[in-house]
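**Q** Quick one: this structure, given as structure tokens, is what I'll be asking you about.
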Amino acid sequence: MADYVVTCDCGAVEMALTGAPRVRGHCHCQACRTLLDVPYHSVNAYNPEQVEITKGAETLVDFQHPNLKMRKIFCPDCGEVMFNTNALDWRVVSQNLMAKNLGKLPEDLASLSHFHYDGRIMDVDDPLPKKP
């Protein structure tokens, strides 16, 4: 049974997440910034077997970045990114997507640190640890 279920903005795609994420944090790496066009990415990263598309899998667009070992999986109707992958093939789910679906981000999904902070393009003033 899934711990959390989230959908895209239009509801065409549903995704079930099971178990604790491998990583909970704010990623400042160049690859995430390039793939998603964001200053940093607040994420929960899961093993592939912890993430299941339970509705709309056949419609998803799987975009392989031409220069990175990363993919972006998104709904073709509303454009919502359900997850992206990293070089380790983890399923990297946006905390924003989860918060939108759940009303707020539960404590067990909240970020624990900033990582790749030495590659940041903006400073973040919060109490979380900043890891290189």
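Bear in mind that the values in this text are calculations on the coordinates, not laboratory data. Here the structure is a predicted model, which is why all the values come from computation and not from measurement. Here the Cβ is made from the backbone with ideal geometry for all residues, glycine too, and neighbour counts use every protein chain on show.
**Q** Which of the residues belonging to the stretch 117-132 are of a type in the set (A, V, I, L, M, F, W, C) and surrounded by 13 or more Cβ atoms within 10 Å (Cβ to Cβ)?
**A** The initial filter retains those residues of the stretch 117-132 that are of a type in the set (A, V, I, L, M, F, W, C), namely 121-122, 124, 128.
Across the stretch 117-132, the qualifying residues are V124, L128.
**Q** Go through the residues of the stretch 66-73 one by one and say whether even a single one is of a type in the set (V, I, T) and without any contact (Cβ under 8 Å) to a residue 40 or more places away in the chain.
**A** Going residue by residue through the stretch 66-73, those that are of a type in the set (V, I, T) are 73.
Cutting the leftovers down to without any contact (Cβ under 8 Å) to a residue 40 or more places away in the chain gives us 73.
Within the stretch 66-73, one or more residues are of a type in the set (V, I, T) and without any contact (Cβ under 8 Å) to a residue 40 or more places away in the chain.
**Q** May I pose another question? What are the residues in the stretch 33-58 that are hydroxyl-bearing (S, T, Y), loosely packed, with under 14 Cβ neighbours inside 10 Å and either in contact (Cβ under 8 Å) with a residue 60 or more places away in the chain or within 20 Å of D9 (Cα to Cα) (or both), if any? Lay out the reasoning, then the answer.
**A** Of all residues in the stretch 33-58, those hydroxyl-bearing (S, T, Y) come to 34, 40, 42, 46, 54.
With the extra rule that they be loosely packed, with under 14 Cβ neighbours inside 10 Å, the set shrinks to 34, 54.
Within the stretch 33-58, just T54 meets the criteria.
**Q** Still on this structure: Which residue, of T18, T7, T34, is under 16 Å from T85 (Cβ atoms) and among the hydroxyl-bearing types (S, T, Y)? Working first, answer last.
**A** On the way: T18 fails: under 16 Å from T85 (Cβ atoms); T7 fails: under 16 Å from T85 (Cβ atoms).
It is T34.
**Q** Another question, if that's okay. Check N84, N101, N96 and return the single one that is in contact (Cβ under 8 Å) with a residue 12 or more places away in the chain, within 22 Å of P48 (Cβ to Cβ), touching a helix residue (DSSP H, G or I) at 6+ places or on another chain (Cβ under 9 Å) and not basic (K, R). Write out each step before concluding.
**A** Details: N101 fails: touching a helix residue (DSSP H, G or I) at 6+ places or on another chain (Cβ under 9 Å); N96 fails: touching a helix residue (DSSP H, G or I) at 6+ places or on another chain (Cβ under 9 Å).
Result: N84 is the single residue among N84, N101, N96 that is in contact (Cβ under 8 Å) with a residue 12 or more places away in the chain, within 22 Å of P48 (Cβ to Cβ), touching a helix residue (DSSP H, G or I) at 6+ places or on another chain (Cβ under 9 Å) and not basic (K, R).
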